[in-house]
Amino acid sequence: METIRVEDVARPTPAENQILVRNHATVVTTAMCEARAGASLTPRLYFGLAKPKWPILGTNFSGEVAAVGSAVTRFAVGDRVAGANVTDFGATAQYLLVSEDGVVAAKPDNLTDEEVVAVFDGSLTALPFLRDAASARGGQSILINGAAGGIGTAAIQIAKHYGATVTAVCSTENVALVTSLGADHVIDRTAADFTSNSDSYDVIFDTVGKSSFTRCRAALKADGLYMTTVPSLAILILKACTSRFGRKKATILFTGLAKPAEMAKDLRFIAGLAAAGEFVPTIGTASPMGEAADVYTLVGSGRKVGSAVVSL
């Protein structure tokens, strides 16, 4: 799982309920890096114990419909579309198959393909956490740890859309970025520890899994909620325990396992925000497909800012 190759593969043919998308852009995510590396048991259980189940990774895509199956009614050849292939992957390719009923929608006209995949990068994760788990709303104080990453930059904008007061935690060089995205307060993680701010936040959203409920507990208000995107046995136990005991809660959502119809609805919602200028893409790097190995190295290092976009 440590080798990245760029090679020619056969152009796929859509089944009766599929569309074939000529893809122009995708993103490299931390999850894809973990899947490729297979360094721990958790990703191997899903992506393949001995060898990859899906040799072509990648979820986010943006391009145009090149062919349609015989039963397809919602899309036609030439339609500009974008979305996320969360089960079969394949978005790190010029052509990929997508179910007509999958996570796909019309591409916002005001964005390039590269901007679209960046918009959908972390937002499909951040939206359910903030809207559903945290019930983000006006008057709420939400802290976002890892605020300069793909999920973090999306979370700032979504939390502000719902009217929350946002505190962003990031490194020194990214303070200006998160401020430009709407953060009301910024904590430079190299200069201060946000967990020392007792009884300060209704929600702590750790988008990078660098904290813990135990560390953050004192910083939460009386009925506060701690959320993390990184699965572990500890967070699963804490979620079960805190749901029954105590006022402060801990939770995790597995957003990639949501029903396609629900994710498609979220996709259209986010696309609407982007089309209205309420959600802007944050592209840290933009690279051609030939440099994909370097992009994976960057993302795997944990130094990625915003989205790492690859053009095809």
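The numbers here are math on the coordinates, done by the rules we state, and not lab data. All figures in this text were calculated on a predicted structure; none of them were measured in a lab. Here the Cβ positions follow ideal geometry from the backbone for every residue, glycine too, while neighbour counts run over all protein chains shown.
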Discussion item. Beyond a 24 Å Cα-Cα separation, which of these cross-linked pairs lie in this structure: LYS210/LYS249; LYS239/LYS259; LYS210/LYS248; LYS210/LYS304?
Written reply: none
Item to complete: Work out how much length PHE254 to THR13 would gain on full extension: take 0.36 nm times their residue separation and subtract the Cα-Cα distance, in nm to one decimal.
Response: 83.7 nm
Practice prompt. Find out how many positive minus negative residues lie around LYS248, taking Lys and Arg as positive, Asp and Glu as negative, among other residues whose Cβ is under 14 Å from that of LYS248.
Written response: +4
Worksheet item: Under a plain spin-label model, where a point goes 7 Å from the Cα along Cα-to-Cβ, how far apart in nm are PHE245 and ALA66?
Response: 5.7 nm
Item to complete: Before rounding to the nearest 500, sum -39500 (n - 2.57) across all DSSP H runs of length at least 4 in the chain and divide by the residue total; then give [θ] at 222 nm in deg cm²/dmol.
Response: -8000 deg cm²/dmol
Worksheet item: How much net charge surrounds LEU130 when only the other residues with a Cβ under 11 Å from the Cβ of LEU130 are counted, with Lys and Arg +1 and Asp and Glu -1?
Response: +2
Worksheet item: Using a simple spin-label model with points 7 Å from Cα along the Cα→Cβ vector, what separation in nm is obtained for HIS185 and SER287?
Response: 3.7 nm
Fill in: Calculated FRET efficiency for the pair ASP132/SER198, C-beta based, R₀ 22 Å, to 0.05
0.20
Worksheet entry | Rg over Rh [alpha-carbon atoms, Kirkwood Rh] for the chain | 0.97
Worksheet item: How much net charge surrounds LEU312 when only the other residues with a Cβ under 10 Å from the Cβ of LEU312 are counted, with Lys and Arg +1 and Asp and Glu -1?
Response: 0
